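Some notes on the structure that comes next.
Any read-out appearing in this document is the output of simple, stated calculations on the displayed coordinates, not a laboratory observation. The shown structure was predicted, so the numbers you read here are calculated from the model rather than taken from an experiment. Don't worry about glycine lacking a Cβ; one is built from the backbone with ideal geometry, like all the others, and counts go over all protein chains shown.
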Amino acid sequence: MPGTPEIADSLVDLIGGTPLVRLGRVARDVDCTVVAKLEMLNPGGSVKDRPALAMIEQAERDGLLKPGGTIVEPTSGNTGVGLAIVAAQRGYGCIFVVTDKVAPEKIRLLEAYGAEVVVCPVAVEPDDPQSYYSVAERLVQETPGAFRPNQYGNPQNPAAHERTTGPEIWRQTAGRITHFVAGIGTGGTITGVARYLKAQSPAVQVVGADPAGSIYSGGSGRPYLVEGIGEDFWPTTYDPSLVDRVVAVSDEDSFLMARRVTHEEGLLIGGSGGTAVAAALEVGRDLGPDDLVVVLIPDSGRGYLSRVFDDEWMAGFGFLRGADHTVAAVVEARSGRGDVPQLVYAKPTDTVRRVVNVMRGYGVSQVPVAKGDMPLAAAEVLGAVDELSLMDLVFRTPGAMDAHIEKVMGPRLPTIGIGQPLDLAVGLLDRSDAVVVLAGGRPHAVLTRTDVLDYLSSAGAGQP
């Protein structure tokens, strides 16, 4: 006789139950076993499906979300997708607020579910009116019937993982897990899983993978390019007492690891998955054959095809390098001349007088304006000034020497990756007096026409 049909009543019934797979190739140089928890196999494509469902169901029970209501949430994309799936099933509207570092395909995906998407700048403080937290709160106040799940403070976020993700991992490893590694964003995933695993065995080590610059690993929360993890404030959904170690991973190492896992394992993972795997391998270097490391892969690389898996985008931020005659050759040739720093820049509150003195002291004619200290993030570059515009300003405007440079700066200089072809730099310098060179996603140097000319005319440099 035929068996019982295995048919789910709705898509939300398929959330969870994701498998583990051994990372046999990228982890071949460590003695321990490293396996991946494939959260991209949730219906919405990420780990965020779990808390999205839990938060909405609790809001319905509490009467905070009523029929015909609207869900408003700041998100890097994945939580939005999870919420949008539940909303589509239950007839809610959605407004999602994202930062301008979110990949365009993620925005289009949210819009495909019928959501309204509002884009905000990433390089602002959390309490700035333009921040995506502030904009989301304003939209809640302005939208009738609005409910904000608040994944950064909603206890259902970690609770969902304590109820589902943690028990799955314990069962799938038959209790042999010794280390759990996951990125820290809202902190819900790592906190919920840690609560369950440590209740089963306090010896389990929990390791957070964090973008360099995020507060979890000791940074200030300054901008970084990896999406979905790291923060510039401490969410209440994160319990640091449950995390034994936090490993900081650079944007460059995260993106290159994501590409490596995809190429070697056939697992298409995103940048934050690359962060987690890079941290897992660092931890694994000190472990032995009896150790079992589970690394959580939060989503697929399908949402990052225009970023992590686009060679031009990667090269433009200095993550990839070409062969001969690249921008790097000019920068390296210049580094041997004098004691001028590779990157001379001004801060927004510097006076025109100070900037003029800096330019005179170092013999430079172009200076970017950026907030923050080295190493800068690309998003922290606000504009630029040059000697010609400053000369004209000072000549025509009494008292201009004491003005803050942010009041008189021009637009940002074009950028180029340090590994990109020199002929691309020449093309940019045909339209601009200088370009900012990015290496590892960060401003590294300012390149001028004189620099290129000196390089091409130097003995043995030849022409590209």
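Taking the stretch 381-425 as the range and being assigned to a helix (DSSP H, G or I), touching a Pro at 6+ places or on another chain (Cβ under 9 Å) and within 20 Å of Asp311 (Cα to Cα) as the test, the residues that pass are Leu422, Asp423. Which one is nearest to the chain's Cα centre (by Cα) among residues in the stretch 146-176 that are buried (at least 24 other Cβ atoms within 10 Å of the Cβ) and β-branched (Val, Ile, Thr)? Filtering first and then ranking leaves Thr165.
Residues checked against (1) touching a strand residue (DSSP E or B) at 6+ places or on another chain (Cβ under 8 Å); (2) surrounded by 11 or more Cβ atoms within 10 Å (Cβ to Cβ); (3) free of Cβ contacts under 8 Å to residues at least 24 places away in the same chain:
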{"site": "Thr4", "(1), (2), (3)": "no, no, yes"}
{"site": "Gly16", "(1), (2), (3)": "no, yes, no"}
{"site": "Arg28", "(1), (2), (3)": "no, no, yes"}
{"site": "Asp31", "(1), (2), (3)": "no, yes, no"}
{"site": "Val34", "(1), (2), (3)": "yes, yes, no"}
{"site": "Leu38", "(1), (2), (3)": "yes, yes, no"}
{"site": "Gly44", "(1), (2), (3)": "no, yes, no"}
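Of all the numbered requirements in (1) of a type in the set (Gly, Ala, Ser); (2) touching a helix residue (DSSP H, G or I) at 6+ places or on another chain (Cβ under 6 Å); (3) without any contact (Cβ under 8 Å) to a residue 24 or more places away in the chain, Ala174 misses one, and that requirement is (2).
Residues in the stretch 293-314 that are buried (at least 22 other Cβ atoms within 10 Å of the Cβ) and without any contact (Cβ under 8 Å) to a residue 60 or more places away in the chain: Gly301, Val308. Restricting the stretch 54-80 to residues that are touching a Lys or Arg at 6+ places or on another chain (Cβ under 7 Å) and part of a helix (DSSP H, G or I) leaves a set whose member that is nearest to Ile297 (Cα to Cα) is Asn78. Of all the listed residues (Val21, Val26, Val12, Val30), the sole one being under 28 Å from the mean Cα position of the chain (by Cα) and part of a strand (DSSP E or B) is Val21. Residues that are of a type in the set (Lys, Arg) and closer than 29 Å to Ala212 by Cβ were ranked within the stretch 409-454; the one that is surrounded by the fewest Cβ atoms within 10 Å (Cβ to Cβ) is Arg412.
Taking the criterion of being in contact with a Lys or Arg (Cβ under 8 Å, 6 or more places away or on another chain) and either part of a loop (DSSP other than H, G, I, E, B) or among the hydroxyl-bearing types (Ser, Thr, Tyr) (or both), the only residue of the stretch 130-150 that qualifies is Gly145.
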